[in-house]
Amino acid sequence: MKIELADRSVVVFGAARGIGRAIADGFVSEGCRVVGFDRAAPENGDQSAAEGHGTRSPFPLVVGDVTDANQVVSFAESVGPVDHVVYCVGIGSGGFGFPSWNVDASSWPSVLDVNLIGAARVANALAPGMVERRHGSFLFLTSVAGQIGSQTDPPYSASKAALINYMQCLAKDLAPAGVRANALSPGMVKTELNRSVWAWGQARLPAEERVEYEAWAEAKIRTVSPLGRWQEPAEFASMAIYLASDHARNITGQTINIDGGWVMHS
């Protein structure tokens, strides 16, 4: 299959590390012109990459904050015409449910500001130009937590559910111009959030019942995933590339799970 994305302009929000970095690197490998945006410096510590001339990072990365509308608008103006936008930004509340009221309501606004409203700021800044050119796509990284009502972090779970709904609204608005919007939904990826869940649970167990992270993680993935294996960032890069290509020209408003079969839809 020929993807044929060479010379397309791609911006990836949350490109410094993890899934966002893998997606940005994947588009670079397809010959795309990629610019990243992240509040953190590049994962490899190459500060020059944030200025657009690093030797370790294959794409320029602008340091910024999606909760600052002025920064988002300024970034959108600086990159010029964009073909594809990936929003791979998300934070947790830092608290844990079981039950949900263990998480203080004061932690909700900051999570919604990043995970949901930040996505709207990005779309508001970039969608009009894509509609005018009648070309392009948006891709939002959500979570299976937004589909199953995860008790682990209720603000995070609810924000991801809202992001899926927002993506569907955006897809309907963009469709008359031939511009598409979709979402990718990770299941179990080894992240700092995942490790924090382990730490939270272990702290509440007697010392003799505690287990190391890797043993806990392997047991958990076998419990929740029919395929019984962790998802890798590169898998999301492959799907993001496909969804940006013309092969996916009739796919819009969809949430695609890469979760080992955790959540199944008819």
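Every number here is computed from the coordinates shown, using simple stated rules; none is lab data. Quick caveat, the model's predicted, so the values are computed rather than measured. Note that we place each Cβ from the backbone using ideal geometry, even for glycine, and neighbour counts take in every protein chain shown.
Structural remarks
- Residues in segment 17-39 that are surrounded by fewer than 23 Cβ atoms within 10 Å (Cβ to Cβ), hydrophobic (A, V, I, L, M, F, W, C) and within 15 Å of the chain's Cα centre (by Cα): 1 in all.
- Selected residue (criterion: farthest from Leu227 (Cα to Cα)) from residues of segment 156-206 that are charged (D, E, K, R) and part of a loop (DSSP other than H, G, I, E, B): Arg204
Per-residue answers, yes or no, for (1) among the hydroxyl-bearing types (Ser, Thr, Tyr); (2) in contact with a helix residue (DSSP H, G or I) (Cβ under 6 Å, 6 or more places away or on another chain); (3) farther than 26 Å from Pro99 by Cα:
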position: Leu193; (1), (2), (3): no, no, no
position: Val197; (1), (2), (3): no, no, no
position: Leu205; (1), (2), (3): no, no, no
position: Ala215; (1), (2), (3): no, no, no
position: Glu218; (1), (2), (3): no, no, no
position: Thr223; (1), (2), (3): yes, no, no
position: Arg229; (1), (2), (3): no, no, yes
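- Among the residues of segment 245-266, those identified as surrounded by 12 or more Cβ atoms within 10 Å (Cβ to Cβ) and over 15 Å from Val144 (Cα atoms) are Ser245, His247, Ala248, Ile251, Thr252, Gly253.
- Filtered residue count, segment 144-158, keeping only those that are more than 17 Å from Ile258 (Cα to Cα), without any contact (Cβ under 8 Å) to a residue 60 or more places away in the chain and hydroxyl-bearing (Ser, Thr, Tyr): 1
- Qualifying positions in segment 207-224 - of a type in the set (Ser, Thr, Tyr) and within 16 Å of Ser196 (Cα to Cα): Tyr213
- Considering the conditions (1) aromatic (Phe, Trp, Tyr); (2) closer than 26 Å to Ile3 by Cα; (3) buried (at least 18 other Cβ atoms within 10 Å of the Cβ), Tyr156 is excluded by exactly one of them, (2).
Rundown of residues vs (1) over 22 Å from the mean Cα position of the chain (by Cα); (2) surrounded by 14 or more Cβ atoms within 10 Å (Cβ to Cβ); (3) closer than 25 Å to Arg133 by Cβ; (4) among the β-branched types (Val, Ile, Thr), yes/no style:
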site: Glu212; (1), (2), (3), (4): yes, no, no, no
site: Ala219; (1), (2), (3), (4): yes, no, no, no
site: Pro233; (1), (2), (3), (4): no, yes, no, no
site: Leu243; (1), (2), (3), (4): no, yes, yes, no
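- Answer residue from segment 162-203, given it is surrounded by fewer than 17 Cβ atoms within 10 Å (Cβ to Cβ) and among the basic types (Lys, Arg) and is nearest to Thr142 (Cα to Cα) among those: Lys190
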